[in-house]
Amino acid sequence: MSESSSPEPGERAITELINAMPLPFRAFHTGFHRPYYEYARIQLGNDRDANELVQGTFLYLAINWQHCTEQPDFHSYAWALHKERVATELMMQGRPAAGPQTMVFERAVRAATDVVIETFRARFNAQLDELEHTIGLYAAMARLPERQFDVMVLNYALGFTTKRTALTMGITPETVRTLRCKAKRRLAAELGFDTKDDDE
């Protein structure tokens with residue numbers, strides 16, 4: 001029998017545990033496994049590390065389910081836990097957590113930046129053509145505050161909707177829109193673009 005024909009014993013145990021959990025946990029796992037995995041993958045740089053880390057996150061949540069559900073905001077708690085585990089894994093690998101020195105972080109920034117460039121281009125065509133060559137937008141993306149950066153990665157780089165991004169981070173859609181607006185304003189200000197108060 002080939003190694004790929006059946007899951008590893010550890011994977012089977014985790015699957016059995018998840019299937020034995022209450023329906024709310026299984027619904028959470030079904031709804032948020034992908035964004036958790038994609039965020040880990042874009043930070044860690046490979047599927048295997050991301051898969052193992054996400055399995056560990058959901059295993060912890062399953063084992064501590066009662067404690068987790070007693071938190072004031074479970075989604076926010078789970079997201080913070082997951083991000084902490086990603087940061088810890090990066091440090092254990094000898095790489096700075098979520099910093100521009102990390103090559104996979106650079107790819108995450110560049111992926112989000114590609115989409116942001118298009119949204120800016122329609123309004124700031126001449127200026128942007130020059131600034132693209134200086135990497136100004138990339139450097140500015142790397143300096144965004146943590147939650148603004150998370151929104152840009154989930155919303156732009158990974159393509160999740162505003163609602164899905166909000167649920168993943170444990171915040172409201174309005175907060176996602178506010179963070180996205182602040183991020184784009186901050187980028188525009190750093191790059192010397194003129195913006196109006198009502199521009200997102």
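The values are calculated or read from the model by the stated rules, or taken from the named source; none is laboratory data. Quick caveat, the model's predicted, so the values are computed rather than measured. No Cβ is skipped: glycine too gets one built from the backbone with ideal geometry, and neighbour counts run over all protein chains shown. Only protein heavy atoms, including side chains, enter the accessible area calculation; ligands, DNA and RNA are left aside. Shrake-Rupley method; radii C 1.70, N 1.55, O 1.52, S 1.80 Å.
For Met91 paired with Thr15, estimate the spin-label separation in nm (one decimal), with each label point 7 Å from Cα along the Cα-to-Cβ line.
3.4 nm
For a label point 7 Å from the Cα of Ser76 along Cα→C-beta, name the residues of segment 143-169 whose backbone N is under 17 Å from it.
Answer for this model: 146-151, 165-169.
Quote to one decimal, in nm, the extra length available between Ala27 and Arg147 on full extension: 0.36 nm per residue of separation minus the C-alpha distance between them.
Extra length from Ala27 to Arg147 when fully extended: 40.7 nm.
Show Asp49, Asp73 ordered by accessible area, largest first, where the area counts protein heavy atoms only and the probe is 1.4 Å.
Solvent-accessible surface, decreasing: Asp73, Asp49.
Within the set of other residues whose C-beta is less than 13 Å from the C-beta of Phe160, count the net charge using Lys and Arg as +1 and Asp and Glu as -1.
Net local charge, Phe160 excluded: +2.
May I ask you to compute the full-extension gain from Thr69 to Thr172, defined as 0.36 nm times their residue separation minus their alpha-carbon distance, rounded to one decimal in nm?
Residue separation times 0.36 nm, minus the Cα-Cα distance, leaves 35.2 nm.
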